[in-house]
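See structure below.
The values are calculated or read from the model by the stated rules, or taken from the named source; none is laboratory data. Computed from a predicted model, the values in this text were never measured in an experiment. Note: ideal-geometry Cβ built from the backbone for every residue, glycine included; neighbour counts use all protein chains shown.
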Amino acid sequence: MSTPLTEQELHNLAMNIVGKQLEAEGFEFMGINSKPKKNPQFVCLKDKKLFFIVVRSVLHPQDPRDYDRSLMQKIKDHALAQNGEAYYAGVGLYNAEDRNLPVYLNEAYILDYDGLIKI
């Protein structure tokens, strides 16, 4: 029997997906926080500018492009105070067989991720 991924495991998977994208795009990691409720998850530097990135793993039926506006406003205010920019990265992770089932360890999943959303 397969084990469903925990909230922390889903978050780690989302962090890995976003982290690989950031790395490929030439971002330099200044700080990484892998706790789901500790924000932001990534503080990066690129072209001498700071980027504050909040990562969320999102399950069916939620839309990975929807985000907590009040949280993201706080992150944006903090970023602007540092002459930086704030971004949201919602990573949809769905069971490949049936979106209503959890995502299981070592089983196929569907990834719904459009990249960073500027706040």
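What the table below lists for this structure:
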quantity: Positions within the range 98-119 being in contact (Cβ under 8 Å) with a residue 12 or more places away in the chain and more than 21 Å from Val54 (Cβ to Cβ), in sequence order; calculated: Arg99, Asn100, Pro102, Tyr104, Leu105, Asn106, Glu107, Ala108, Tyr109, Ile110
quantity: Condition check for Lys20: of a type outside the set (A, V, I, L, M), over 21 Å from Leu111 (Cβ atoms) and either more than 14 Å from the chain's Cα centre (by Cα) or loosely packed, with under 12 Cβ neighbours inside 10 Å (or both); calculated: no
quantity: Count - residues of the range 105-119 that are at pLDDT below 95 and assigned to a strand (DSSP E or B); calculated: 0
quantity: Residue within the range 71-81 that is more than 27 Å from Ala96 (Cβ to Cβ), among the small types (Gly, Ala, Ser), modelled with pLDDT of 95 or more and surrounded by 12 or more Cβ atoms within 10 Å (Cβ to Cβ) present; calculated: yes
quantity: Any chance His11 is closer than 23 Å to Leu111 by Cα, assigned to a loop (DSSP other than H, G, I, E, B) and in contact (Cβ under 8 Å) with a residue 40 or more places away in the chain; calculated: no
quantity: Filter result (closer than 25 Å to Met30 by Cβ, assigned to a strand (DSSP E or B) and free of Cβ contacts under 8 Å to residues at least 40 places away in the same chain) within the range 50-97; calculated: Leu50, Phe51, Phe52, Val54, Glu85, Tyr87, Tyr88, Gly90
